[in-house]
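S.K.: Here it is: the structure, laid out below.
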Amino acid sequence: MQGPKARAASAQGNALGWEGGSPIDSGGQAGRETQPLLDLGRLPIPGPHFVGRDAELARLDAAWEDPAVHVLTLVAFGGVGKSALVAHWLDRMAADNWRGAARVLDWSFVPWL
């Protein structure tokens with residue numbers, strides 16, 4: 001049985017043509033043995049220092065665990081560390097075996113010119 005986040009992602013994934021549907025469908029399989037499909041490397045690479053963002057990381061963790069959250073948007077001026085925050089959070093997710101994710105994408109939807 002899929003939770004609401006997985007169902008919404010599955011519907012979106014089907015619309016985008018992903019085989020199997022969902023970019024984040026964990027299907028309630030936290031701690032499963034298989035590795036997720038990874039599509040990483042599209043975010044800018046952050047510098048080696050990352051400090052003072054514990055509250056933001058906690059909010060990302062809480063959003064990931066909350067079945068009522070389907071979309072999380074980070075909005076701020078350029079250069080304040082949105083990509084670095086997400087990259088660091090994804091590093092933590094990787095260290096925790098991706099927390100049951102079936103697919104992990106680090107796509108940026110900003111047209112870099």
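S.K.: Which peptide among 41-48, 86-93 comes first, and what is the full order, when sorted by highest mean count of other Cβ atoms within 10 Å?
M.R.: 86-93, 41-48
S.K.: Ordered by residue, what ³J(HN,Hα) values in Hz, to whole numbers, does the range 43-60 give under the Karplus form 6.51 cos²θ - 1.76 cosθ + 1.60, where θ = phi - 60° and Gly and Pro are x?
M.R.: The phi angles translate into 7, x, 7, x, x, x, 9, 9, 9, x, 10, 4, 5, 5, 5, 5, 5, 5 Hz.
S.K.: Further question on the same structure: Just rank TRP98, TRP64, TRP107, fewest to most, by other beta-carbon atoms within 10 angstrom. Write down the numbers at each step before the final one.
M.R.: Details: TRP98 20, TRP64 17, TRP107 10.
Fewest-to-most ranking of TRP98, TRP64, TRP107: TRP107, TRP64, TRP98.
S.K.: List every residue whose amide H lies under 5 Å from the amide H of LEU37, counting only residues 5 or more places away in sequence or on a different chain, with H placed 1.01 Å from N in the peptide plane.
M.R.: Amide H neighbours of LEU37, under 5 Å, 5+ apart: ARG103, VAL104.
S.K.: May I ask you to compute the full-extension gain from ALA58 to VAL75, defined as 0.36 nm times their residue separation minus their alpha-carbon distance, rounded to one decimal in nm?
M.R.: On the way: separation 17, 0.36 × 17 = 6.12 nm, distance 1.69 nm.
Roughly 4.4 nm would be gained on extension.
Rule-based calculations on the coordinates, nothing more; no lab input. Source: prediction; values computed, not measured. Every residue, glycine as well, gets a Cβ built from its backbone with ideal geometry; the counts of neighbours run over all protein chains shown.
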